[in-house]
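Contents: one structure, followed by commentary.
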Amino acid sequence: MQCPYIVDSNNLIIDGVFNTAKEYECQDGSVYTYYYHWDGFDQYYNCQFCELIGRKRDIFECLNESEWHECYAYKSHEEKEA
């Protein structure tokens, strides 16, 4: 299960020159979308977009539930909400 703070690609991410959507198929058959990002200065890397912190390079941290529960942004946000 992916992090609930992954940005909904249908609303906020522009797929095109700077971000190219890629799909990763999980072992359970579900599909996870991440982005191949160009920073405009000849640097390309995979990233994910988070509602809490913006662009994030560790795309699999957002996918693995045990990892995103330990993410500093997630933990901080959940503590503020409590």
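Round to the nearest 10 and give me the degree value, 0 to 90, for the angle of helix 72-81's Cα axis relative to the longest principal axis of the chain. Roughly 50 degrees, rounded to the nearest 10. Take every Cα pair under 8 Å whose residues are at least 6 apart in sequence, average their separation, divide by the length of the chain, and the relative contact order is 26 percent. Among the trypsin sites (Lys or Arg not before Pro) within the range 33-82, those in coil by DSSP and having at most 10 neighbouring Cβ atoms inside 10 Å are ARG57. Taken about its Cα centre, the chain carries a charge dipole of roughly 240 debye when the Cβ of each Lys and Arg holds +1 and the Cβ of each Asp and Glu holds -1.
Bear in mind that the values in this text are calculations on the coordinates, not laboratory data. Because the structure is a prediction, the values reported are computed rather than measured. Ideal geometry is used to build each Cβ from the backbone, glycine not excepted, and the neighbour counts take in all protein chains shown.
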